[in-house]
Structures are given as C-alpha cells and as structure tokens.
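Participant: Take this structure first; my questions come after.
The values are calculated or read from the model by the stated rules, or taken from the named source; none is laboratory data. Not measured: the values here are computed from a predicted model. Cβ: placed from backbone, ideal geometry, glycine included. Neighbour counts: every protein chain shown. Heavy atoms of the whole protein, side chains included, go into the accessibility calculation; ligands, DNA and RNA do not. Shrake-Rupley method; radii C 1.70, N 1.55, O 1.52, S 1.80 Å.
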Amino acid sequence: MEHDHATVLSAFDAQVRRGLHPDGSGALGVRAGPVVRWTTVGGEGWSGIVWSDLDADTADGVIEDQITFFRDRAERFEWKLYSYDQPSDLGERLLAAGFVREDAESLMVAEAAEIAGPGGAGVVLPEGVRLAPVTDEAGIGLMIEVHDRVFGTDSQLRSSLVAQLRNSPEVTAMVVAMAGAEPVCSARIGFGVGTDFAGLWGGGTVPQWRGRGIYRALVGYRAQLAVARGYRYLQVDASPQSRPILERLGFDRLACTTPYVWSPA
C-alpha cells in the first residue's frame, strides 16, 4: 500500500473510530463528550469505548465517568486503546482503574483492489473444500463451531451475529469454509456505512487445517466483496498468528490496538 500511513490513519480515525453508523449488531454509538461510546440495546451488540480525546489532566476523570455509566447498567465493557492514543500512559491509568488488559493486536490496512486483483490473495482452496456464504442461523452455528475451536467460547457472539443477519444483512457478510460436512474456517466482513473501510473480522482456521491457504482464500473472497461494493480499504485487527500472512499479502501495520476490559463486581 503506497500511501502515507499518517493520512490513512487519519481517515480511519475520522471515519471508523469516530463514526456512529450502526453496525447491525444492535449496539448504539454516541459521542459522549471526549469519547465515542457504544452500548448494547436489548442485550444485543458490543459495549465499549472506541475513541477518546484525553490528556493527562482529564483522563482519570473521564475513565471514572465511563465506569460509572457502565456500572449503573451492570454491564461489562471494553476500552479499545490504540498505541497513538493520549495520554501516553492511558493503558496504565486503565489498569489502575480496575481494567484487565487482553492480548494486543495489530491494526493493518490494505488497498482492497490490490488484495482482490491479480497477484493478490486469490480464492484458491484445497481439494474438497468449498466456501458457503452464511444466510441463516444454521450457518451462524457453523461459524460459532469454528470460532469456539479456534478462539474459545464467546457467550455474546452468537446473539450479535444473529442480530446482524436479521437486522442489517447489508452491512455484513459471513462465510464458512466447509470440508464435506465439517466447518474448518470462518470469517466475516463489515461494510462501514459512509466510510472507505471494510473491516475483516473473525478469520480463523481450525488447527488441523492450517497451512493450506484457506485463511488466505477467505481474505481474497472478502476483498472481492469489498471491491464490488466500492470500498477502498480493508482493515484488520490482526493477531500475531495472522499478521505474517497479511503482511505477505500487502497489508501494512499502522498501529497496535489493545483491549482493556472492565467488568461489574
């Protein structure tokens, strides 16, 4: 991606992190003073802080305000911290306030057309493996089966995906790679309304099927979907396992992102 990283990151901040367009999960995004906050509605969606404008004088008070807000709702939430967020010790302040730090990931971005085009990821699958777009709850069940085997159980994921499929299928697409009747890899893509960015989420392959190009094929498949809808960029929060694959495909690492999670006592 031959673009100035600062320019792309600025666009990502403005369009994605500060964007308030519903993602179909049922969550509601609002600008709450110096933060962008997402909350569940009717028990569906994801809760968290995705952007903040803080400094050393304001950070602790704003952190406490968000804890108070979610404590009153008896709701767990995530503060999604990016490596360029201010103040520079924001992560330490979150830990001091009772948050738990989870594994860091890499914010990676690529031109969708480059990944979808000749020389990009391609959609080449091993013999006997096929892609099955997810169109119903049975398909979501197959996705959850892969997710649980790869990442562990997420009690909220099924309801979130069902809500997206039911309420806003136009802003997401999901796919499962099937080896006969066995789901071996799954992934989804979110189409950011009013943005240049399509987000790649949840890509994972069960251990015994890794190293055969299936994850790469699902990246290529989703890149083609993004290009068909006119999106310029693909954005991924990449794990250490997927980062090398994405770098070989042409994704650039723009930042590190770390979840800090607070839970009611």
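Participant: Lys and Arg at +1, Asp and Glu at -1: add these up for the other residues within a Cβ distance under 15 Å of residue 144 and post the number. Please list the in-between numbers first.
Facilitator: Numbers: positive: 149, 158, 188; negative: 136, 137, 145, 148, 154, 182.
Within the 15 Å Cβ shell, the charges total -3.
Participant: Let a ≥ b ≥ c be the square roots of the eigenvalues of the Cα gyration tensor of the stretch 156-265; is it rounded (a/c under 1.5), or, if not, prolate (a/b larger than b/c) or oblate?
Facilitator: On the way: a/c = 1.12, a/b = 1.09, b/c = 1.03.
It is rounded, given that a/c, with a ≥ b ≥ c, falls under 1.5.
Participant: Given that just one value was derived from the coordinates, which of (1) 1.00; (2) 1.32; (3) 1.07 is Cα Rg over 2.2 N^0.38 Å?
Facilitator: Calculated Cα Rg over 2.2 N^0.38 Å: the matching label is (1).
Participant: From the phi angles alone, apply the Karplus equation (6.51, -1.76, 1.60; θ = phi - 60°) to the stretch 106-121 and give each ³J(HN,Hα) in whole Hz, x where the residue is Gly or Pro.
Facilitator: Once θ is set to phi - 60°, the couplings for the stretch 106-121 become 9, 6, 10, 9, 9, 6, 4, 5, 5, 6, 7, x, x, x, x, 5 Hz.
Participant: Roughly speaking, to the nearest percent, how much of the stretch 20-111's 1.4 Å accessible area is carbon and sulfur?
Facilitator: Details: 2090 of 4310 Å².
After summing per-atom areas, the C and S share lands at 49 percent.
Participant: Identify the GluC sites (Glu not before Pro) of the stretch 106-207 meeting these criteria: DSSP loop state and at most 10 other C-beta atoms within 10 Å of the C-beta.
Facilitator: Numbers: sites: 111, 114, 127, 137, 145, 170; in loops: 127.
Of the GluC sites (Glu not before Pro), the ones in loops of the stretch 106-207 whose Cβ has at most 10 other Cβ atoms within 10 Å are 127.
Participant: For residue 54, enumerate residues with amide H under 5 Å from its amide H, sequence gap 5+ or separate chain, H modeled in the peptide plane.
Facilitator: 86
Participant: Residue by residue through the stretch 250-258, which ³J(HN,Hα) values in whole Hz follow from phi under the Karplus form 6.51 cos²θ - 1.76 cosθ + 1.60 (θ = phi - 60°), with glycine and proline marked x?
Facilitator: x, 6, 9, 8, 9, 6, 10, 10, 10
Participant: So what is the accessible area of the chain per residue, in Å², with the probe set to 1.4 Å? Don't jump to the answer; show the numbers that get you there.
Facilitator: Working: 12210 Å² over 265 residues.
On a per-residue basis, 46 Å².
Participant: If you don't mind, another one. Residue 161: net charge of surrounding residues, Cβ under 14 Å, Lys/Arg +1, Asp/Glu -1, itself excluded? Mind dumping the intermediate values first?
Facilitator: Values: positive: 158, 166, 188; negative: 23, 44, 136, 137, 145, 148, 154.
Result for the local shell: -4.
Participant: So what are the stretch 190-249's ellipsoid semi-axes, whole angstrom, largest first, if each one is the square root of 5 times an eigenvalue of the alpha-carbon gyration tensor?
Facilitator: Values for the stretch 190-249, descending: 22, 12, 10 Å.
Participant: Could you state the number of Å between the C-alpha centres of the stretch 168-237 and the stretch 80-120?
Facilitator: 19 Å
Participant: Okay, helix-only estimate at 222 nm for the chain: each DSSP H run of n ≥ 4 adds -39500 (n - 2.57), divide by all residues, round to 500 deg cm²/dmol; what do you get? Spell out each step's value before the answer.
Facilitator: On the way: 8 runs with 81 residues, N = 265.
Computed mean residue ellipticity for the chain: -9000 deg cm²/dmol.
Participant: If you don't mind, another one. Can you give the log10 of the normalised intensity I(q)/I(0) at q = 0.13, 0.17, 0.18 Å⁻¹, computed with Debye over equal Cα scatterers of the stretch 1-114?
Facilitator: -0.56, -0.92, -1.02
Participant: Provide the per-residue ³J(HN,Hα) series for the stretch 195-211, in order, calculated from phi with Karplus coefficients 6.51, -1.76, 1.60 and θ = phi - 60°, each as a whole number of Hz, with x at glycine and proline positions.
Facilitator: 10, 8, 10, 10, x, 9, 9, x, x, x, 10, 5, x, 6, 10, 6, x
Participant: By the gyration tensor of its Cα atoms, with a ≥ b ≥ c the square roots of the eigenvalues, what is the shape of the stretch 114-193: rounded for a/c under 1.5, prolate for a/b over b/c, or oblate? Working shown, then result.
Facilitator: Details: a/c = 1.91, a/b = 1.20, b/c = 1.59.
In terms of gyration-tensor shape, oblate.
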